[in-house]
Amino acid sequence: MKFGGSSVANAERIRHVASIIKAYQDKRPAVVLSAMGDTTDHLLEAADKAVEGVVDVAGVAKLHEDTAAELGVNIETIQSLLTELKQLLTGISMLKEISKRSRDYLVSFGERMSVRMMAAYLESQGIPAKFYDAWDIGIKSDSNFMSAELLDEVWKNIPACLNAYKDGKDNHIPIVTGFIAKDVKGNITTLGRGGSDYTAAIVAGALNADALEIWTDVDGFLTADPRMVRNAYTIEELSYLEAVELSNFGAKIIYPPTIYPVYEKNIPLYIRNSYNPEFKGTKISGQKTSEEKAIKGISSINDTCLITLQGMGMVGVSGISSRTFQALANQGISVFLISQASSENSTT
């Protein structure tokens, strides 16, 4: 079960999510959490201030301290993280710059505080729980900061760490940080802004879970963007391929790489609404869907650039496409549509 930032944005939401987790307790869930609310954005804002010489953790500290007080849980471990955060920002303020490695270290604090808060609250309610930073269960990555790729060893590491829970020898529900990992040198990395979904999918795949549930603040995949189409409605079933296509072309319900780990293990994926837990949401699986309509959904992408390369100088010259895509890749630009004209001298 993965819960996004809006699902754990404050004390009221944390209580609500805890009640959902409790309802699934007999199914032995593993839980992955995002940072509380907009914490990641606030941490990045604090970094910008630190570069300008101002060290300020008051906003982030107040949210977590007030939430802990309202939930009635011990915040000692969170206080130590806030101290560590302030030390990091002080270092950034002295250097007047922030590297990609420091940025990943900085934004990791949101998820690390979130899982400690949830585990402490579940324990206070008599529900055995234990928090894990992602690397505690063997989630390792390369050193591509801000967009790290997980290493193949995670498929063995995760079961080795959590099999005691899966087999019933340990009753503490694992509450795991999404979005973050560590490289082989021990540096904290991040998996991209949709990385919490991906973390949950990797955990589900590695443990051969019965299902993966992504709990968010919408009722599932909709037939269109409700901000543009007022009568858009929830799609009950999608195939893995359909979900990937909708996600790649603008539907922001799920981070596209999330689908691959569960697709490989044929694990059904459900998109659920934590604000409306009674609604069954959207099921994504390898089964042929019963929906007979010709079009499942419509998606769109904003802020997209269309580039056409053309000219007689391209005709008969080998490597033009290779050089073009390498230049784009070097800048971290993703190409999602390619159109080759009938002749050699034009590519869009």
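Using only the heavy atoms of the protein chains and a 1.4 Å probe, how would 161, 305 rank by accessible area, largest first?
Order by accessible area, largest first: 305, 161.
Just to confirm the number: angle between the C-alpha axis of helix 58-71 and the first principal axis of the chain, 0 to 90 degrees, nearest 10?
Tilt relative to the chain: about 50 degrees.
May I ask which of 2/252; 62/185; 2/293; 27/169; 22/156; 140/252 have a Cα-Cα span longer than 22 Å here?
Check vs 22 Å cut-off fails for 62/185; 2/293; 22/156; 140/252.
Between residue 132 and residues 5 or more places away or on another chain, which pairs have amide H atoms under 5 Å apart, with H built 1.01 Å from N, and which residues are they?
Those lying under 5 Å, H to H, from residue 132 are 175, 176, 177.
Can you list which of the GluC sites (Glu not before Pro) found in the stretch 1-106 are DSSP loop residues with at most 11 other C-beta atoms within 10 Å?
Passing sites in the stretch 1-106 are 52, 97.
With θ set to phi - 60° and the Karplus curve 6.51 cos²θ - 1.76 cosθ + 1.60, what are the ³J(HN,Hα) couplings of the stretch 216-227 in order, to the nearest whole Hz, using x for Gly and Pro?
Going residue by residue, I get 10, 10, 10, 7, x, 6, 9, 5, 6, 5, x, 6 Hz, with x marking Gly and Pro.
In debye to the nearest 20, how big a dipole does the stretch 104-206 give about its Cα centre with +1 on each Lys and Arg Cβ and -1 on each Asp and Glu Cβ?
Charge dipole of the stretch 104-206: 180 debye, to the nearest 20.
What nm distance separates the two modelled labels at residue 317 and residue 66, each placed 7 Å from Cα along Cα→Cβ?
6.0
For residue 280, which aspartates and glutamates qualify as cross-link partners when the Cα separation must be under 14 Å and same-chain residues fewer than eight apart are set aside?
Counting by Cα, and skipping residues close in sequence, residue 280 has these aspartates and glutamates nearby: 213, 217, 219, 236, 237.
Tally the DSSP beta bridges in the chain and give the antiparallel ones as a percent, rounded to 5.
Working: 11 of 31 bridges.
Antiparallel bridges make up about 35 percent of those DSSP assigns within the chain.
Let's see if you can work this out: charge +1 on each Lys and Arg Cβ, -1 on each Asp and Glu Cβ, no other charges. What is the dipole magnitude of the stretch 267-327 about its Cα centre, in debye to the nearest 20?
Result for the stretch 267-327 is approximately 180 debye, rounded to the nearest 20.
Using amide H atoms built 1.01 Å from N in the peptide plane, name the residues 5+ places from residue 148, or on other chains, whose amide H lies under 5 Å from its own.
It is 190, 191, 192, by chain and number.
Determine the relative contact order of the chain: mean sequence separation of Cα pairs under 8 Å and six or more apart, normalised by residue count, in whole percent.
Normalised by residue count, the contact order of the chain is 15 percent.
Give a residue-ordered list of calculated ³J(HN,Hα) values for the stretch 243-252 (Karplus: 6.51 cos²θ - 1.76 cosθ + 1.60, θ = phi - 60°; whole Hz; x for Gly, Pro).
For the stretch 243-252, the Karplus-derived couplings read 5, 4, 4, 4, 5, 5, 9, x, 5, 9 Hz, x marking Gly and Pro.
List every residue whose amide H lies under 5 Å from the amide H of residue 141, counting only residues 5 or more places away in sequence or on a different chain, with H placed 1.01 Å from N in the peptide plane.
151, 182, 183, 184
Given only helices, namely DSSP H runs of n ≥ 4 each adding -39500 (n - 2.57), what is the per-residue ellipticity at 222 nm of the chain, to the nearest 500 deg cm²/dmol?
Result for the chain, helices only: -12500 deg cm²/dmol.
Among 327-339, 170-182, how do they line up by average Cβ neighbours within 10 Å per residue, starting with the highest?
My ranking of the peptides, most packed first, is 170-182, 327-339.
Tell me the accessible surface of residue 155 in square angstrom (1.4 angstrom probe, heavy atoms of protein chains only), to the nearest ten.
Result for residue 155: roughly 80 Å² accessible.
As a test, work out the antiparallel percent of DSSP beta bridges whose residues both lie in the stretch 210-329, rounded to the nearest 5.
35
Relative contact order of the stretch 210-348, please, whole-number percent, based on alpha carbon pairs below 8 angstrom and at least 6 residues apart.
27
For residue 197, tell me the accessible area in Å² from a 1.4 Å probe, rounded to the nearest 10.
Approximately 10 Å² of residue 197 is accessible to the 1.4 Å probe.
Just to check I understand the Karplus step: with θ = phi - 60° and J = 6.51 cos²θ - 1.76 cosθ + 1.60, what whole-Hz values come out for the stretch 159-165, glycine and proline as x?
x, 4, 7, 10, 5, 4, 5
How much of the accessible area of the stretch 221-269, in percent, comes from carbon and sulfur atoms when a 1.4 Å probe is used?
54
Quote the relative contact order of the stretch 1-101 in percent (integer), defining contacts as alpha-carbon pairs under 8 Å separated by 6+ residues.
This gives 30 percent for the stretch 1-101.
Which listed residue (295, 244, 261) has the Cα farthest towards the positive end of the charge dipole for the chain, taking +1 on Lys and Arg C-beta and -1 on Asp and Glu C-beta about the Cα centre?
Farthest towards the positive pole: 261.
For 118, 146, give me the order by solvent-accessible area with a 1.4 Å probe, most accessible first, ignoring ligands, DNA and RNA. List each step's numbers first, then the result.
On the way: 118 0, 146 70 Å².
Per-residue accessible area, sorted high to low, gives 146, 118.
Where nothing but the Cβ of Lys and Arg (+1) and of Asp and Glu (-1) is charged, how large is the charge dipole of the stretch 1-103 around its Cα centre, in debye to the nearest 20?
Once rounded to the nearest 20, the dipole reads 500 debye.
The values are calculated or read from the model by the stated rules, or taken from the named source; none is laboratory data. These numbers were taken from a predicted model, which means no experiment stands behind them. Neighbour counts are summed over all protein chains in view; Cβ atoms, including those assigned to glycine, are modelled from backbone coordinates with ideal geometry. Heavy atoms of the whole protein, side chains included, go into the accessibility calculation; ligands, DNA and RNA do not. Shrake-Rupley method; radii C 1.70, N 1.55, O 1.52, S 1.80 Å.
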